[in-house]
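In what follows, a structure is listed as structure tokens, so that the remarks can point back to it.
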């Protein structure tokens, strides 16, 4: 009886197993949603179309929140904004053909700024691939040079693995974009392979051991008389800002940041030099010329910082810490380098380093700041963008999340809004994508719903993704929009005035729309100001209006961003405010120093 009972029990168990196997069989789109959910992906931005309709049908009953943007470019930039503001994976979805090609700009933007996003594109059925079917394009092939990982799924058995590999690679080491091309028939194809088993090498996602000459780095840093820390976006990505500050304070080292590194070191710290490079502070540029040692932390000596690669900090010993060994000696040769996770490297450096005081050098930095402040001239009756951003900073106490588009307003924001914390400055650095800011602000707000999110944009950039007004209206996403209107492509105009003998070739936007009426069409409160006397009331309106609001600020068309180092020039060739004779009273601002108590 015992044996018979066991046999009966086993027979029953086998039957249950068969039923269980049938129960776990799922189609490709269900498998992908399961993997996404297990990886914590709970929000996405997208635009449906024929080739991705099965996946959208599965989304209908899933837990994932989906935001319908008004253009695929809006979806990918929103995913970027979410990722930059939170450090999490951002996800966007499009259909095949034009839907996929409309994501290309944002994917490239994410690649250059090391932003972890997953782009999911629909594709025609596998039997139609290569036949020039309706809305067919090679999204896989096009995305090879602009992604960390990409794949065309050929069978549902591969969905779980490819989805997990894409997420893992996108979010590991130096983050970046991944793309999955998902044929329509594979989305509905059934599979029993529901759990991912990755096949990729660990070198694509496992944190490497630290490699480099720590002894030489510590010795050189200790002996340096005029050292500087050069902090880039890698310090934000790796969450190394506490270790950066600890190093700066322990060794009394002044700090300058890149555009992407803003917030990785407090702007109001006594050791802060603000941003460096083409439109960085004059005192940062002068400090670089005087330094005898520069340590780059998560920064890549790009052409907006090291404008003339052969001339950058040539009097200084140069050292570099980066997780990506491809960046070592790529543009500027370095004397010492360490490859590995920046946080881990800084923990090791701080552990080995002894306390150092450099009063003479710090005093020199203080003097450079006093002698070369950020400055602009007033214009009777007109509103100046620098003053506007500075007043916005004071009213928000520097705690808002600021998203920008690209151009003059972006540089003014970087200069006059002091960022004391990381992930509060959401901007397009490497690609310089106009149209990025508005949808990025949408993504940032959904990632950080309890923080104020303000878009600073220009009349040129804003019109590139202006249709996303429909998105914030439809989903009631409270974004504050500060729109500077000078009737020009401002940065293009500045270059044409300074370097092209005032030949303003096709940079005059002499027919801008009525932005106030456009906002009215979306039931978004909006106000226009053009006099300095209206500034305070305008900012009150923008910040105190419940929900979304837009403040259009008309500024002088000839307003320029200073300081400026021409492309390819040396730091000694800086064009500062003093060399431009302009009317009006000079306003000098000490931004990168401890705030005086009231």
Practice task
Quick one: residue 61 ticks every box in (1) surrounded by 12 or more Cβ atoms within 10 Å (Cβ to Cβ); (2) closer than 28 Å to residue 76 by Cα; (3) modelled with pLDDT under 95 except a single one, so which number is it?
Solution key: (1)
Handout entry: Residue match in region 318-329 (condition: under 27 Å from residue 370 (Cβ atoms) and in contact with a strand residue (DSSP E or B) (Cβ under 8 Å, 6 or more places away or on another chain))
Key = no
Handout entry: The listed residue being touching a helix residue (DSSP H, G or I) at 6+ places or on another chain (Cβ under 6 Å) and crowded, with 17+ Cβ neighbours inside 10 Å, out of 316, 285, 299
Key = 285
Exercise for the section: Return the total of residues in region 82-105 being under 16 Å from the mean Cα position of the chain (by Cα) and at positive phi. Expected result: 1
Handout entry: Failed item, numbered, when residue 143 is tested on (1) under 26 Å from residue 322 (Cα atoms); (2) part of a strand (DSSP E or B)
Key = (2)
Handout entry: Wholly enclosed helices (runs of 4 or more DSSP H) of region 346-442 bearing at least 2 residues at pLDDT 95 or above and surrounded by fewer than 18 Cβ atoms within 10 Å (Cβ to Cβ)
Key = 359-371, 385-396
Practice task
Report, by residue number, each residue of region 449-461 that is assigned to a helix (DSSP H, G or I) and out of contact with any strand residue (DSSP E or B) (no Cβ under 6 Å at 6 or more places or on another chain).
Solution key: 460, 461
Handout entry: Matching option when the condition is under 21 Å from residue 459 (Cβ atoms), touching a helix residue (DSSP H, G or I) at 6+ places or on another chain (Cβ under 6 Å) and at pLDDT 95 or above, among 550, 489, 535, 542
Key = 550
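The values are calculated or read from the model by the stated rules, or taken from the named source; none is laboratory data. If you're wondering where the values come from, they're calculated on a predicted model, not measured in any experiment. Here Cβ is always computed from backbone atoms with ideal geometry, including for glycine, and neighbour counts include all displayed protein chains.
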